[in-house]
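Encoded as structure tokens, the structure appears first; notes follow it.
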Amino acid sequence: MQEIADIAGVAGKGAIADLQTRLKAVGTEYRRVISITPCDLPGAPSGDTLSQRLAWVDAQLLNPVERLLEALEPENRHMLSLWPEEPNADLIPDYDEIAEQLENLQLLGKNLAIIIAKYRFHDLPPGPLIRYRIVAAIAEVLDDALPDLRPSRGTYDVSTKQFHGVYPALIRRIFLEITGLHEQLDRLIKEQVDERRQR
């Protein structure tokens, strides 16, 4: 945090603590997002692509649920007869309740498949989208916590092929803290700077 404060030129424990509180909330949220979303970021549960996920949803969720719902249709329940060794009635599950829960799961799976297919169609894998959202969230924090900081891409350095300046340095350093990745983020930073110029 002191390194981030030094880059920003923030002095005073109160200002640093305020910035830290805001950034910690962003970091906590996006680490949570990364931890539950298959993507190419460190800490993700897997690196499965959208196509792989869509195939998995069909094979492992929607198709089995469809078969289970068919098995639980009233006209098929005779196949579940345990006679002559019938257990206590309390041990028999409520098939209607199970079917209702499976229908809810099926609806969730169908919506998930639609969402995955939409993002695949638009070539928007989760990793780049999460990166964009993290940079946007950092920029919002900087707007609120450091209102005197001017959003700027910085100056382009031919040798490093990167823009240098306080604003990009802050965003990169905070991004590193959240994701563990050293990335240029030039395009994402430019988008945030351009958006703020239009306000």
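The values are calculated or read from the model by the stated rules, or taken from the named source; none is laboratory data. Since the structure is predicted, the reported quantities are computational estimates derived from the model, not experimental observations. Neighbour counts are summed over all protein chains in view; Cβ atoms, including those assigned to glycine, are modelled from backbone coordinates with ideal geometry. Accessible surface areas use protein heavy atoms only, side chains included; no ligands, DNA or RNA. Shrake-Rupley method; radii C 1.70, N 1.55, O 1.52, S 1.80 Å.
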(message) In whole percent, and with a 1.4 Å probe on the protein chains, what portion of the accessible area of the chain is carbon and sulfur?
(response) 54 percent
(message) Pick from Arg77, Arg22, Arg53 the residue whose mean-square fluctuation is largest in a GNM of the chain, springs joining Cα atoms under 10 Å.
(response) Arg77
(request) Using Cα positions and a limit of under 17 Å, work out the lysines in reach of Lys190, with same-chain residues fewer than 8 apart set aside. (result) Lys161
(request) Would you please give the residues with an amide H less than 5 Å from that of Gln162, counting only those at least 5 places away or on a separate chain, with H modeled from the backbone geometry? (result) Asp157
(message) Explain nothing, just the number: relative contact order of the chain, from Cα pairs under 8 Å at least 6 residues apart, as a whole percent.
(response) 25 percent
(message) Defining a contact as two alpha carbons under 8 Å apart and six or more residues distant in sequence, what relative contact order in percent does region 95-192 show?
(response) 21 percent
(request) For the chain, return all DSSP H helices satisfying: extent of Cα atoms along own axis at least 27 Å; mean Kyte-Doolittle hydropathy at least -0.5. (result) 13-36, 95-121, 126-145
(message) With an 8 Å Cα cut-off and a minimum separation of 6 or more residues, compute the relative contact order for region 17-119 in percent.
(response) 27 percent
(request) Between beta-carbons, use under 15 Å as the cut-off and find the net charge around Gly12, counting Lys and Arg +1, Asp and Glu -1. (result) -2
(message) Can you give me the C-alpha center-to-center distance between region 183-199 and region 11-84, rounded to a whole angstrom?
(response) 30 Å
(request) Check the straight Cα-Cα distances from Lys110 and name the lysines below 23 Å, setting aside those fewer than 8 residues away within the same chain. (result) Lys118
(request) Starting from region 11-98, pick out the GluC sites (Glu not before Pro) whose DSSP state is loop and whose Cβ has at most 10 other Cβ atoms within 10 Å. (result) Glu85
